[in-house]
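Each value in this text was obtained by applying a stated rule to the coordinates, not by laboratory testing. Bear in mind that the values here come from a model prediction, so they are computed numbers and not experimental data. Methodologically, a virtual Cβ is constructed for each residue, glycine included, from the backbone with ideal geometry; neighbour enumeration extends over all protein chains shown.
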Amino acid sequence: MSYLSQKHLLGIKNITKNDIELILSTAQNFKEVINRPIKKVPSLRDITVANLFFENSTRTRLSFELAQKRLSADVINFSASNSSVKKGETLVDTVNNILAMKVDMIVMRHSSPGAAIFLSKKVNAKIVNAGDGAHEHPTQALLDAFSINEKLGSIKDKKIVIVGDILHSRVALSNIFCLQKLGAKVKVCGPQTLIPKYITSLGVEVELDLKKALEWCDVANMLRIQLERQDIKFFPSLREYSMLYGLNKQILDNLGKKIVIMHPGPINRGVEITSDVADSNQSIILDQVENGVAVRMAVMYLLAGKQE
Ligand code: CP
């Protein structure tokens with residue numbers, strides 16, 4: 001059996017192309033499993049996983065929990081809002097107390113960039129980053145890569161544009177690292193104020209005109225404006241943002257070619273994407289969600305199998 005070269009999944013930046021390909025091929029096997037009448041396998045029967053969510057989540061939290069249950073792991077769930085974090089307990093103390101209950105693996109979402117890396121140096125457990133602030137969201141990038149590969153047959157040389165709030169997006173950063181490692185060409189598109197200055201140093205081109213970006217690409221990944229991470233105004237109004245960077249059916253139909261539409265969720269319908277695009281047959285948004293379970297099964301299965 002093959003294992004990941006890493007003990008943790010903290011981000012995509014520092015994992016190898018081989019690791020990514022191993023996760024994607026293992027996820028393919030798990031996708032077949034979860035489409036069977038009996039969706040469960042005993043692979044993580046003796047493993048206990050704690051899901052620690054210090055920030056809101058629907059898809060990632062439920063997808064990890066379902067993946068753990070499909071793998072027969074024991075699961076405990078923690079959300080910061082009703083925990084003793086509110087009484088002043090530190091992250092490391094909280095996690096060490098959870099680990100004292102014989103927990104093997106931690107899946108964590110946190111609002112602070114670098115929180116998963118920090119934790120991996122402080123505690124003795126396998127750590128999976130389920131999103132750390134505006135830094136990385138590795139399992140989202142992996143499920144996005146899986147979904148593109150499933151739809152288009154390959155990722156190498158495909159042209160992918162990531163549209164919207166690049167500055168505050170962990171999905172954008174992890175996608176850029178993942179897609180480039182797999183040989184795709186990546187552009188970002190959005191208002192200049194929402195595109196970080198360092199982005200071209202990652203080998204990514206910037207296109208400020210949505211129509212030109214869409215004419216260039218095979219796949220458009222539409223991101224949500226992350227108002228919760230914006231303490232100043234980066235554009236005059238959501239209405240203006242939508243007029244310049246929102247994707248609607250008319251723009252899509254005028255392209256003269258069929259591109260694939262993605263969105264990591266949650267969607268703000270009518271802002272970055274209209275309902276008729278989100279629900280069209282060019283959209284693979286719900287396929288992304290479906291594939292998230294198989295990809296997260298693969299990640300946890302491969303990490304659990306790796307020896308210290
Ligand atoms: N894509 C994503 O991370 O969604 P949630 O915030 O609902 O987990």
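Report the calculated FRET efficiency for residue 211 and residue 59 (r = Cβ-Cβ distance, R0 = 25 Å), to the nearest 0.05.
Values: r = 30 Å, r/R0 = 1.18.
Step by step, r from the Cβ atoms, then E = 0.25.
Taking only Cα atoms and a 10 Å spring cutoff, compute GNM fluctuations for the chain and point out the largest among 234, 177, 54.
234
Give the distance, in whole Å, between the Cα centre of the stretch 91-127 and the Cα centre of the stretch 46-79.
Spelled out, the Cα-based centre of one part sits 14 Å from the other.
Sum -39500 (n - 2.57) across every DSSP H segment of at least 4 residues in the chain, then divide by the residue count to get the 222 nm mean residue ellipticity, nearest 500. Can you show the working numbers first?
Working: 11 runs with 119 residues, N = 308.
When only DSSP H runs of four or more count, the value is -11500 deg cm²/dmol.
Convex hull over the Cα atoms of the chain, averaged projected area in nm²?
About 16.0 nm², averaged over all directions.
With a bin width of 10 angstrom, please list the P(r) values of the stretch 230-308 as percents of all Cα-Cα pairs, from the 0 bin to the one holding the largest distance.
16, 34, 24, 17, 8, 1
Hey, quick one: spin label on residue 276, modelled 7 Å out along Cα-Cβ, who in the stretch 234-264 has an amide N within reach, i.e. under 14 Å?
247-255
Given H placed on each backbone N at 1.01 Å, which residues far from residue 162 in sequence or on other chains put an amide H within less than 5 Å of it?
187, 188, 189, 221
Shape verdict for the stretch 1-145, please, from the Cα gyration tensor: rounded (a/c under 1.5), prolate (a/b greater than b/c) or oblate.
Working: a/c = 1.71, a/b = 1.36, b/c = 1.25.
Prolate, since a/c reaches 1.5 and a/b exceeds b/c.
Just for the chain, what percent of DSSP beta bridges are antiparallel, to the closest 5? Intermediate results must be reported in sequence, preceding the final value.
Numbers: 1 of 36 bridges.
If I count the DSSP bridges inside the chain, around 5 percent turn out antiparallel.
Put a dot 7 Å past each Cα toward the Cβ at residue 3 and residue 267; how far apart are the dots in nm?
Taking the simple label geometry, residue 267 and residue 3 are separated by 4.1 nm.
Pop a pseudo-label 7 angstrom from the Cα along the beta-carbon direction at both residue 96 and residue 45 and give the gap in nm to one decimal.
It works out to 3.5 nm between the two label points.
Grab the beta carbon distance between residue 251 and residue 13, set R0 = 35 Å, and tell me the FRET efficiency rounded to 0.05.
Working: r = 33 Å, r/R0 = 0.93.
Efficiency, rounded to the nearest 0.05: 0.60.
In the Gaussian network model of the chain, springs joining C-alpha atoms below 10 Å, which of 40, 187, 121 carries the largest mean-square fluctuation?
Top of the fluctuation ranking is 121.
For a label point 7 angstrom out from the Cα of residue 228 toward its Cβ, which stretches of the stretch 83-114 have the backbone nitrogen within less than 13 Å?
Residues 109-112 fall inside that zone.
Given R₀ = 22 Å, FRET efficiency for residue 156-residue 28 by Cβ-Cβ distance, to 0.05? Please report the intermediate quantities before stating the final value.
Working: r = 17 Å, r/R0 = 0.77.
Efficiency, from the Cβ-Cβ distance: 0.85.
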